[in-house]
1. Would you mind finding the one in A:Gly71, A:Gly98 that is of a type in the set (Gly, Ala, Ser), more than 10 Å from chain B (Cβ to nearest Cβ), closer than 30 Å to A:Asp31 by Cα and surrounded by 16 or more Cβ atoms within 10 Å (Cβ to Cβ)?
2. Where the second residue is at pLDDT 95 or above and assigned to a strand (DSSP E or B) and the first is at the interface with another protein chain (Cβ under 9 Å from one of its Cβ atoms) and within 21 Å of A:Asp40 (Cα to Cα) and lies in region A:163-192, which pairs have Cβ atoms under 8 Å and are six or more apart or on separate chains?
3. Being assigned to a loop (DSSP other than H, G, I, E, B) and surrounded by fewer than 16 Cβ atoms within 10 Å (Cβ to Cβ) is the filter here, so list the residues in region A:239-262 that pass it.
4. Of all residues in region B:132-151, how many are polar (S, T, N, Q) and over 30 Å from B:Ala82 (Cβ atoms)?
5. When B:Arg80 is evaluated against the numbered criteria (1) over 20 Å from B:Leu167 (Cα atoms); (2) more than 10 Å from chain A (Cβ to nearest Cβ), which criterion, by number, is the only one it fails?
6. Pick from A:Phe120, A:Phe130: which is more than 9 Å from chain B (Cβ to nearest Cβ) and within 26 Å of A:Gly259 (Cβ to Cβ)?
7. Could you look through region B:118-139, keep only residues that are touching a helix residue (DSSP H, G or I) at 6+ places or on another chain (Cβ under 8 Å) and surrounded by 19 or more Cβ atoms within 10 Å (Cβ to Cβ), and pick out the one that is farthest from the other protein chains (Cβ to nearest Cβ)?
8. If A:Asp65 satisfies every condition in (1) under 21 Å from A:Val37 (Cβ atoms); (2) within 11 Å of chain B (Cβ to nearest Cβ) but one, which is the exception?
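The values are calculated or read from the model by the stated rules, or taken from the named source; none is laboratory data. Nothing here was measured: the structure is a model prediction, and the numbers come from that model. Cβ: placed from backbone, ideal geometry, glycine included. Neighbour counts: every protein chain shown.
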Amino acid sequence: MRKTNAIAVITILAAAMFSYAQNIQLPMKKDSVKFAVIGDNGTGDKPEYQIADKLTAAHQKFPFDFVVMMGDNLYGGEAPKDFGQKFEKPYKALLDIGVKFHATLGNHDDPSRQISYEKFNMGGKHYYSFKPKDGVRFFSLDSNYMDKKQLDWLENELKASGSEWKLVYFHHPIYSSGEKHGSNLELRTTLEPLFVKYGVDVVLTGHEHFYERIKPQKGINYFIVGSSGQLREGNIGKTELTAKGFDRDNAFMLAEISGDDMFFQVISRKGETVDSGNIKRAEKIKKITTSR
Amino acid sequence: MFFQCVMLAVMFIGAPHLTGVGPAKGGDTDPAIKDFNDRVQRYWDLHKKVEDAAPPIDKKKEPDPAAIVAHERATADGIRAARMNAAEGDIFTPAVQKILVATIKQELSSGRGATARAMILGEGNPKNPESPARVDLVVNAKYPPNAPLSTVPPSVLLSLPKLPQGLEYRFVGRHLILYDSKANLIVDILRNAVR
């Protein structure tokens, strides 16, 4: 019992120290939508646990309500013990206080097991949408299997979502400077026309094991957050696409939507802020209106 | 008892309901495609009967991953028992194989064919050297949960006959498989589909 208490005290102190080290630069406005982004995290190895600790520490200063996962949620085996080792244990502190995780499927994920796993909040579906608050909607896609049914569903959902913030997330990036994979042109040809037509604001992906913010493409902001467990050091090639890249360490993202602003901050395993900024939705609408 | 129920269910499967199947790009008048759709639907009707008889996942309680795995295994075992004599080509008949191979070839020869080919044979393909597990291409075999699933290019998917949700086309190397994603089972194999 004494040992358990001591561990709890050490954990709280460690979290407090991390929290002190992490300088949160987000506005933390009242009634904003606060969330975190992790991707390619499910290794069960030390870096995943270290990022999870940083995420937990960040939550003390920036109490996000949910985390979106960019896929490759569980690498290797997917036996019941793997769900514990690669997900429930590293994120236990967040799960215990009710932070929700919303997963999307990566190419290393077993759909049959993950879509029914309640802690991934996929509702038994390969693709789904959710609305954390009026005016903001997230769409999770299965980019491994983009069939007609899914495309029809996406178009209907986007059409029905009206003037809300529209954030789409899936595993394979359609814009990327990665030397290993690069932009997925097949998916871009299929998805981008829908994103443009229905005014998608932000696209979040993983697959590349680094962080990259892409210069806005056709008015849409693209982020790759694929290094929250895995890391492919030095893999960002020189392209015209990169607004900011970070491939030297693992990272995760915090974000906040308030009115027509989305603020974001990307934090490394060492607690350094490697990127931050603000996307203005109103500008995008104006730009689209002007170009028409 | 479970398998007896399954066998009974198989005997009582009625006429196929053709919702969710059919070719994406016309061609539904082709007898080979129509026959393929019928075979797919018969398989899916069987799947549903077997899955309904398997131990349910309690939706009211937070499901333990062990319950999810148990449900998946019971479904797979039931389907295997019901399709004990299933063989390659039972669904991918020789007639439809010709059509599917030609369709895939046409898509992979198009303007974005090189990208689509790379997508099929790339990292997610379990024959890729980086894959942590090998997939044994055997009808009724379990697809190893630690093996990646190939990403299927949208251009190819949109040109192949549609499948019910839960039944998927996937690639293992150059071979196309019909994959039951809810039972984690290889249902049929079309060898050398990518040429």
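1. Working: A:Gly98 fails: surrounded by 16 or more Cβ atoms within 10 Å (Cβ to Cβ).
Going through A:Gly71, A:Gly98 in turn, just one is of a type in the set (Gly, Ala, Ser), more than 10 Å from chain B (Cβ to nearest Cβ), closer than 30 Å to A:Asp31 by Cα and surrounded by 16 or more Cβ atoms within 10 Å (Cβ to Cβ): A:Gly71.
2. A:His171/A:Thr205; A:His172/A:Thr205
3. In the first step, residues of region A:239-262 are kept if they are assigned to a loop (DSSP other than H, G, I, E, B); the result is A:239-241, A:247-250, A:259-260.
Hits for region A:239-262 are A:Glu240, A:Gly259, A:Asp260.
4. Residues flagged as polar (S, T, N, Q) and over 30 Å from B:Ala82 (Cβ atoms) within region B:132-151 amount to 1.
5. Just one mismatch for B:Arg80, condition (1).
6. Numbers: A:Phe120 fails: within 26 Å of A:Gly259 (Cβ to Cβ).
Among A:Phe120, A:Phe130, only A:Phe130 is more than 9 Å from chain B (Cβ to nearest Cβ) and within 26 Å of A:Gly259 (Cβ to Cβ).
7. Top of the filtered list is B:Ile120.
8. Against the list (1) under 21 Å from A:Val37 (Cβ atoms); (2) within 11 Å of chain B (Cβ to nearest Cβ), A:Asp65 comes up short only on (2).
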